[in-house]
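Just below is one structure, and these are the notes that go with it.
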Amino acid sequence: MLKTILVLLLLFISVSNLFGENIEPSKNLLHAQKVDEKNYELGKSISSDVRQRWVEKIYSSEGNNYMVFSGLEFLNSSIEEKKIIRNFRAYADISYYSEAQIQEVREFISKAVTVLCKENSFRQNLFLFDVEIIIRVLDKVNNLFIEISLNKSVCSNIEPYGRYRPISKRDIRKLREGPETEN
């Protein structure tokens, strides 16, 4: 009897669910991907000059004098059309570290950065303004050792926190009025 039940269980439960991660996207992720597409389509209706003003307003002052982790500090940012480049300083000289140690740091920072895709407001802005955020980490002698790119394709596969809603047409009208009217 017990053997029969076990065989039936194995027939009804897939092996991937028993031994691996479920590769099926969740309902929340599927919903978020639909919202992402709506936000992207709404973003196409925003003129390029309004888009540029908002991107500069949102990303230019964000992170100034910000210590991300102990030993990792925000340096500066620049905006080049649809690319936002954020530079950080790591207070270490990568020439003293092995490739395996540097790879561990890359993975750690990459995981920390992709958490941004879970934040609703970050995700909305990313899809609405169709921007790419490039995060660069320089060592103390200005050698680039980490460069991470966050864009729509990266964030579209990450499930956001909580309930994720599309931007309303009312919000788009406010955007068109300009960043000066926003508090």
Using R₀ = 25 Å, calculate the FRET efficiency as 1/(1 + (r/R₀)^6) where r is the Cβ-Cβ separation of Arg106 and Ile79; round to 0.05. 0.55
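How large, in Å, is the range 27-162 by the Kirkwood hydrodynamic radius built from its alpha-carbon pairs? Walk me through the intermediate numbers first.
On the way: mean 1/r = 0.0625 Å⁻¹.
16.0 Å is the Kirkwood radius here.
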Average Cα contact separation per residue, the range 27-162, under 8 Å, 6 or more apart, as relative contact order %: 29
Under a straight-distance cross-link criterion of Cα-Cα below 13 Å, which aspartates and glutamates are reachable from Lys174, leaving out those fewer than 8 residues away in the same chain? Glu182
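Determine how many Å³ per residue the convex hull of the Cα atoms of the range 110-159 encloses. Display every interim value, and only then the final one.
Details: hull volume 3.9 nm³, N = 50.
Taking only Cα atoms, the range 110-159 has a hull volume of 78 Å³ per residue.
Could you calculate the FRET efficiency of Lys57 with Leu30 from 1/(1 + (r/R0)^6), where r is the beta carbon distance between them and R0 is 22 Å, rounded to 0.05? Could you put the intermediate results ahead of the total?
Numbers: r = 32 Å, r/R0 = 1.44.
Computed FRET efficiency for Lys57 and Leu30 comes out at 0.10.
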Quick one: which residues, 5 or more positions from Ile146 or on another chain, have an amide H under 5 Å from its amide H? H modelled 1.01 Å from N in the peptide plane, none for Pro or chain starts. Val137
Give the lysines whose C-alpha is closer than 28 Å to that of Lys111, dropping any in the same chain fewer than 8 places away, or say none. Lys27, Lys34, Lys38, Lys57, Lys82, Lys83, Lys140, Lys152
Sorted on mean Cβ neighbours within 10 Å (highest first), peptides 126-139, 98-111 come out as 126-139, 98-111
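Each value in this text was obtained by applying a stated rule to the coordinates, not by laboratory testing. The structure displayed is predicted, hence computed values, not measured ones. A quick note on method: Cβ atoms are made from the backbone with ideal geometry, for glycine too, and the neighbour counts reach across all protein chains shown.
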